[in-house]
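Engineer: Can you keep this structure in mind? I'll have questions shortly.
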Ligand SMILES: [Ca+2]
Ligand SMILES: [Ca+2]
Ligand SMILES: [Ca+2]
Ligand SMILES: [Ca+2]
């Protein structure tokens with residue numbers, strides 16, 4: 001039999017290995033300390049109408065949009081935001097609750113300076129691969145405009161309208177916008193302009209990369225704040241549109 005000291009020694013080594021594993025990133029291609037969200041499967045249809053009347057939404061947990069990536073300190077009535085996620089085999093659903101004192105959409109052309117108008121950004125990586133996604137579809141960064149369009153950069157390096165990938169409606173309830181969005185999930189085989197792109201069928205246990213952010217502009221030439229749901233421990237804080245390694249993970253639960 002081992003002595004108590006030997007026994008304790010082994011235990012300490014084992015504990016430190018376990019602690020080391022727990023502290024390492026979930027995926028080597030991701031920044032440290034990414035969030036993890038367990039999304040529940042919707043039991044009834046989610047009606048995308050900007051009202052969280054579905055009982056399924058009550059079961060889903062909130063996640064804050066609280067990391068200031070760009071701009072000065074701001075007050076809670078200037079911006080506050082949080083979101084929830086649910087899923088069905090066809091798509092994921094996001095419910096965002098946003099406080100923004102002034103809604104501003106200066107560029108009426110949806111493809112012009114869309115990040116400088118108020119918009120809700122949905123960063124999605126179908127296989128949680130992380131990595132670079134600036135001019136490819138390793139991941140998408142849908143900029144949801146106030147007129148419910150989804151804009152991102154295509155493989156041709158130009159802004160493109162991907163509104164066909166989403167259902168989006170928001171409504172004002174008291175001092176908050178309730179923004180409900182269904183998003184079809186496309187992987188990195190997506191080809192711009194092709195009629196053969198098929199959204200993925202989602203199954204329990206799948207892990208997606210996801211990050212949500214809000215570009216807040218209350219009347220300036222450029223956005224005043226950019227606030228996201230994930231911390232950016234090093235490097236440019238606004239680089240989620242290039243680097244999918246910043247995204248958190250969403251596990252599709254049963
Ligand atoms: Ca609804
Ligand atoms: Ca504001
Ligand atoms: Ca990917
Ligand atoms: Ca605003």
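Engineer: Going by how many other Cβ atoms sit within 10 Å of their own, how do 103, 95 line up, fewest first? Mind showing how you got there, number by number?
Structural biologist: Numbers: 103 15, 95 23.
Final ranking by Cβ density, sparse to dense: 103, 95.
Engineer: Rg to Rh for segment 82-216: what is it, with Cα atoms only and Rh by Kirkwood?
Structural biologist: Values: Rg = 14.6 Å, Rh = 15.3 Å.
Ratio value, two decimals: 0.95.
Engineer: List the relative contact order of segment 119-254 as a percent without decimals, with contacts defined as Cα pairs under 8 Å and 6+ residues apart.
Structural biologist: Worked out over segment 119-254, it gives 30 percent.
Engineer: When each pair of different Cα atoms in segment 50-155 is counted once in the 1/r mean, what is the Kirkwood radius in angstroms, to one decimal? Before the final figure, lay out each step's value.
Structural biologist: Values: mean 1/r = 0.0634 Å⁻¹.
Taking the inverse mean of 1/r over all distinct Cα pairs, segment 50-155 comes out at 15.8 Å.
Engineer: Moving on. What number, in percent, do you get for the relative contact order of the chain if the mean sequence gap of Cα pairs under 8 Å and at least 6 apart is divided by its residue count?
Structural biologist: On the way: 580 pairs, mean separation 69.8, N = 254.
After rounding, I find 27 percent.
Engineer: Quick check on the chain: helices-only [θ] at 222 nm, where DSSP H runs of length 4 and up contribute -39,500 (n - 2.57) each and the sum goes over total residues. Nearest 500, please. Write down the numbers at each step before the final one.
Structural biologist: Values: 2 runs with 25 residues, N = 254.
After summing the helix terms and dividing by residue count, I get -3000 deg cm²/dmol.
Engineer: Using Cα atoms only, what is the angle between the long axis of helix 4-23 and the major principal axis of the chain, expressed in degrees (0 to 90) to the nearest 10?
Structural biologist: 10
Engineer: Can you tell me the length gained on complete extension of the stretch residue 171 to residue 36, counting 0.36 nm per residue apart and subtracting the Cα distance? Walk me through the numbers before you get to the answer.
Structural biologist: On the way: separation 135, 0.36 × 135 = 48.60 nm, distance 2.80 nm.
Going from the current span to full extension adds 45.8 nm.
Engineer: If r is the Cβ-Cβ distance from residue 67 to residue 221 and R0 is 25 Å, what FRET efficiency results, to the nearest 0.05? It would help to have the intermediate numbers written out before the result.
Structural biologist: Working: r = 24 Å, r/R0 = 0.95.
After rounding, the FRET efficiency stands at 0.55.
Engineer: What are the semi-axes of the equivalent ellipsoid of segment 79-132, taken as the square roots of 5 times the eigenvalues of the Cα gyration tensor, listed largest first and rounded to whole Å? Display every interim value, and only then the final one.
Structural biologist: Numbers: eigenvalues 125, 59, 25 Å².
Calculated on Cα positions only, the semi-axes equal 25, 17, 11 Å.
Engineer: Separate question: Only counting other Cβ atoms within 10 Å, I'd like 97, 73, 230 sorted with the fewest neighbours first. Working shown, then result.
Structural biologist: Values: 97 17, 73 7, 230 25.
Fewest-to-most Cβ neighbours within 10 Å comes out as 73, 97, 230.
Engineer: Return 74, 162 ranked ascending by Cβ neighbour count within 10 Å, so the fewest neighbours appear first.
Structural biologist: Details: 74 16, 162 21.
The most exposed by this proxy come first: 74, 162.
Engineer: Given the options 234, 53, 31, which has the most mean-square fluctuation in a GNM of the chain, springs set between C-alpha atoms less than 10 angstrom apart?
Structural biologist: Looking only at 234, 53, 31, the biggest GNM fluctuation is shown by 234.
Engineer: How long are the three semi-axes of the equivalent ellipsoid of the chain, in whole Å, if each is the root of 5 times an eigenvalue of the C-alpha gyration tensor, listed from largest down?
Structural biologist: On the way: eigenvalues 228, 89, 80 Å².
Semi-axes from the Cα gyration tensor: 34, 21, 20 Å.
Engineer: Expressed as a whole number of Å, what is the distance separating the alpha-carbon centroids of segment 135-177 and segment 32-80?
Structural biologist: With segment 32-80 and segment 135-177 each reduced to a Cα centre, they are spaced 16 Å.
Engineer: So what is the diffusion coefficient of segment 153-254 in µm² per second by Stokes-Einstein at 20 °C and 1.002 mPa s, using a Kirkwood Rh over Cα pairs? Let's see the in-between values first.
Structural biologist: Details: Rh = 16.6 Å.
In µm²/s, the coefficient is 129.
A short reminder: the numbers here are calculations on the coordinates, not readings from a lab. If you're wondering where the values come from, they're calculated on a predicted model, not measured in any experiment. All Cβ positions, glycine included, derive from the backbone under ideal geometry; neighbour counts span all protein chains shown.
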